[in-house]
Structures are given as C-alpha cells and as structure tokens.
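I have placed the structure first, in the form of structure tokens, so that the comments after it can refer back to it.
The values are calculated or read from the model by the stated rules, or taken from the named source; none is laboratory data. This one's a predicted model, so the numbers in the text were calculated from it and none came from an experiment. Counting neighbours? That spans all protein chains shown, and the Cβs are built from the backbone with ideal geometry, glycine included. Heavy atoms of the whole protein, side chains included, go into the accessibility calculation; ligands, DNA and RNA do not. Shrake-Rupley method; radii C 1.70, N 1.55, O 1.52, S 1.80 Å.
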Amino acid sequence: MGNTGSGEEVLEEVVMQLGPDMVQMIKEVLHKDVEPAIDADMSDDGRKNGKFQFTKLDLGSQKPRWSNVRVQKSKDQGRRIVIDFDFEYLGDCDMEVRILGCTSGVSTVTIMGRARVILSPIIKRMPLVGGMQFQFLHLPVIGYQFDGLADLADLPGVKSRIRKSLEKKLSKKIVYPHRASLSLSDHSDAQLVHTLPVAGVLGVRLGVEDLPSKGGVRKLFKQGDPDVYCKVRLGGIEKVTKVVKNCTSADWEEWFEFPIEILTGHCLEVQLWDEDSLSRDDFLGQVVVKLDEENVPDDCVTYNLEHHPLKKTKHDIQGKVNVHLREA
C-alpha cells in the first residue's frame, strides 16, 4: 500500500529491515510458548501430553498492512519515536497442526488490532536507532480456519480451548505492557532498547445502573436481578470487581490502578457480567473508553452498554456504566 506520511515511511522501513527477525521471533513464540500452553490447556490434568503440536510452520511472505497511522508525542522528545497504527495481517501461511492425534492444515490466518512501534533510543551513529519494540495496545482479533478437520476442531471445547489459550499467551507476550523487542546496536542502553519508562498511573472506579431484571422463577424469591461484577482491562492487564448480589445498580468504591507509559492511544475496556453458580456467567454488555492524556475528565462519565462482536448474551443489552478516572 502507498505511504503518505512520515509515520508510514518509518513503518515501511521497519518492515523492510526487521521483517526476517520478526518472523523468526514469531516462530519461536509459537513453538516454545503457544504450542505447550495449548497442549497443557487441552489436557484434563494441565500437563503437556501431545494433544496439540505444530508439525509445519511456514508463515509465508505476505507482509502486514497498516492504516490510521499516528506518531505519538513523547515527553522525552528526541530520544524515541512512537508510532501507533491499525495492524492487519492476512496470512498466506502454510501450517499444519496435530490435534488429538489427527493432522490438519491451517489456512486464512488473520490478525487485526491497534499496535504500537517504539524506536528507542535515537543514537548518533548508524543505524541511528538502538532498538525496536512492538506491542498491541489491546488483545488483537485472531481468526483461523482448519482444513480437513473442521468437524474435530468444532467439537465442544476444542476450538474454544485453542482460542483462549492463544489469547492468554499473546496477552503475556506482545499485548501492553508486554512487548517484543529487538536490539539493533551494541552501543545502546539495554533498558531504553527493551522498555519504556512508566510515566504515571491511571486510576479507574466503576458503577453501573439501569440493568435489566432477569425475571423467571428467581423473581418469585426476590432474586430476579443479576449478580453483577465488572472486568476492566487496559491492554493485557485485567482487574475484576467484587460481585454485588441481586441488583440493577451498583457502585464499587475500590480504585483499580494501571501503569501508563503513554496514555494517548489506549482504550479502557469494561465488560459487565452476571455471576451464575450453576452455569456460565452471562455477558451483560461492554463499554470501550478511548483515552487521551490531554483530555482526562475530572468528573464521572456515563456510557451506555453496547454489544461485543464475539460474545453472546441471553438478554437485550441495557444499562449504563459510570467511569471515574484519575491520573497520578
């Protein structure tokens, strides 16, 4: 795709220069981390036992695409370049996996999400940049399709376990505050190459109101309202509130704190759930709050609950979330 700005030109150069190293790093993550994690998650006792294995791993030659590029301003100007962009990978990979003793090809792998590249530190000798960091600002959306084992892969629990294990491992590897990093010079400070200093802490306090009543038999015993709790996530960091029983409105006094390097570009994700002791918890809706360090509201802001594209709900989405933010 064509490049129209300095940020896109830098990204083009990064892909050209670091593509082979990034491919090798992804292969190592898949083999050394993802494969044993999925294998253990598919086992009843949590041990590696050969139920899942990559038998062929060729990531192909298709380069990722990017759009909506933004060069972030840094408080430490001149020492680093920070670029945010929408990342999209439509893979032409040639992969095979062995699942429960049967081999299948993997096709149409897609990865989409908001990503960040940090070039740090800027140095006075070639290659002018001491290192590169890459991370997703939130958990990316991953799609894949099995060839030849669709029925097996769609068995209850199999595909879900693979997806959840993959997401969990990615969160710990390349979703903020975690990152993949490469050193490009022997003359650079390793701390500046592999990390970014924490600039502050974002505090979050939550409340909910106007939630729908569940009704049914529980209502006869005055237990027809949801047992509410929230999951709040920034990047790969997730916090969970306490459960408030049988209510359509709730307010949590606790403040959740998230370390911040550069606040602008991040999104705060709040998911609302109804705890169910006899079955899976019910999803009640979500809000996504875009964050900007130049415009952190002093007062509580109310957001309407919305649907999640990948989560089902038993009831109509209804209600509001009150979000109070503070910086420290």
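Annotation: amide H-H contacts under 5 Å for L284 (H modelled 1.01 Å from N, sequence separation of 5 or more, or interchain): L272, W273, D274. Ranked by solvent-accessible area (1.4 Å probe, protein heavy atoms only, all chains present), the residues Y229, Y303 order from largest to smallest as Y303, Y229. Take the Cα of D298, step 7 Å toward its Cβ, do the same at A40, and the gap between the two points is 4.9 nm. Under the simplified labelling scheme, the F54-L128 pair shows an inter-label distance of 3.3 nm, with each label point 7 Å from Cα along Cα→Cβ. For the residue pairs K173/K242; K63/K168; K27/K311; K32/K169; K242/K290; K164/K312, the alpha carbons lie more than 18 Å apart in K173/K242; K63/K168; K27/K311; K242/K290. Accessible area per residue (1.4 Å probe, heavy atoms of protein chains only) ranks V296, V204 as V296, V204, with the largest value leading. The order of C267, C300 by accessible area, most exposed first and with a 1.4 Å probe, is C300, C267. For D92 and D276, the FRET efficiency from 1/(1 + (r/R0)^6), where r spans their Cβ atoms and R0 equals 56 Å, is about 0.85. For trypsin sites (Lys or Arg not before Pro), no site in the stretch 87-119 is both called loop by DSSP and has at most 14 other Cβ atoms within 10 Å. Tell me the net charge near V244. Cut-off is 10 Å between Cβ atoms, V244 excluded, with +1 for each Lys or Arg and -1 for each Asp or Glu. Charge balance near V244 sits at -2.
Looking at the stretch 227-324, the GluC sites (Glu not before Pro) that sit in a DSSP loop and have at most 14 other Cβ atoms within 10 Å of their own Cβ are E253, E254, E275, E294.
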